[in-house]
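Single-structure report; data block below.
The values are calculated or read from the model by the stated rules, or taken from the named source; none is laboratory data. Note that the structure is a prediction, hence the values are computed from the model and not measured. All Cβ positions, even for glycine, are placed from backbone atoms using ideal geometry, and neighbour counts span all protein chains on display. Please note that ligands, DNA and RNA were not included when accessible areas were found on the heavy atoms of the full protein model with its side chains. Shrake-Rupley method; radii C 1.70, N 1.55, O 1.52, S 1.80 Å.
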Amino acid sequence: MMKYDEYIGKMVELTYSDLDGETVCAIGRILYTLKERAFVFETVDVGRQMIVYNRHVQECKEMPLTPPNFPSSIAPDYFA
């Protein structure tokens, strides 16, 4: 099994170093993996897709669908 396959389609908080060596933290989804070396990541805020190499990832953790500080008045209605 590939390293990040378990996160495909789930909301994750990804911390990685970009090509300039700066640390970046983004929230989004892993769309698919690329031969155990990289994966395609789509950010939630702007919908940008990027290739992230596994060796640049510092941390990847699954997040709940509704962030804890999200106002409940606009939370998704799962019973609609």
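The residues in the stretch 30-47 that are open to solvent by 90 Å² or more (accessible area, probe 1.4 Å) and closer than 16 Å to Asp5 by Cβ can be counted, and the count is 4. All of Tyr78, Tyr4 fail the test of being modelled with pLDDT under 95, in contact with a strand residue (DSSP E or B) (Cβ under 8 Å, 6 or more places away or on another chain) and hydroxyl-bearing (Ser, Thr, Tyr), apart from Tyr4. Among the residues of the stretch 8-16, is there at least one that is at negative phi, at pLDDT below 85 and not acidic (Asp, Glu)? For the stretch 8-16, residues at negative phi, at pLDDT below 85 and not acidic (Asp, Glu): absent. Just so you know, in the stretch 5-25 the residues that are in contact with a Cys (Cβ under 7 Å, 6 or more places away or on another chain) and of a type in the set (Ser, Thr, Tyr) include one that is surrounded by the fewest Cβ atoms within 10 Å (Cβ to Cβ), and it is Thr15.
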